[in-house]
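The structure appears right after this line, and notes come after that.
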Amino acid sequence: MRTIAAISFALLALAAAAVAAERMRFWNTTSFTITELYLAPAGTSQWGANQCANDPDGAVDADERLTLKDIVPGRYDVKLADKTGRVCMVRNVEVKSGKPYAFSIDDRDLTDCTK
């Protein structure tokens, strides 16, 4: 019985480690190349680092995925800039774990933009 308990505990610990190390990704479903991508807890202006810096060429092309760093699941406001110089805010975005991508942004989400 102790062996089964020890094995069960070890498997739970491995599963927890796998979840903690899960790679979270953003999927750019817009028709634009994004050159800057910042996240802040929803309703704040506590912007994190430019996530585009995680990409080898520093930008996220249309239909490209980007690995997010230092982001945990939750609700975020997203600020992005595209290759044309337009800056957009997308508020209250749900960032999820356990999915092929944590969140995506589509052209129809880009309603609060300035140039």
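Worth a mention:
- Think of each Lys and Arg Cβ as +1 and each Asp and Glu Cβ as -1; about the Cα centre, that makes the dipole of the range 58-115 roughly 160 debye.
- Note, ³J(HN,Hα) from phi for the range 35-52, Karplus 6.51, -1.76, 1.60, rounded to Hz, x at Gly and Pro: 9, 9, 8, 10, 10, 9, x, 3, x, 10, 10, 8, 5, x, 5, 5, 5, 5
- Amide H partners (placed H, <5 Å) of GLU36, local residues excluded: ALA81
- Translational diffusion of the range 23-114, estimated by Stokes-Einstein from the Kirkwood radius over alpha carbon pairs at 37 °C in a medium of 0.692 mPa s, is 256 µm² per second.
- Added length on full extension, which subtracts the Cα-Cα distance from 0.36 nm per residue, LYS115 to THR44: 23.4 nm
- 17 Å Cα-Cα reach of LYS83 towards lysines, excluding residues that sit fewer than 8 places from it in its own chain: LYS115
- Database remark: amide H of SER104 closer than 5 angstrom to the amide H of TRP27 (H placed geometrically; neighbours at sequence offset of 5 or more, or on other chains; Pro and chain starts carry no H).
Values in this text are rule-based calculations from the coordinates and carry no lab data. Please read these numbers as outputs of a predicted model, since none were measured by experiment. Heads up, the Cβs are rebuilt from the backbone with ideal geometry, glycines too, and the neighbour counts pull from every protein chain shown.
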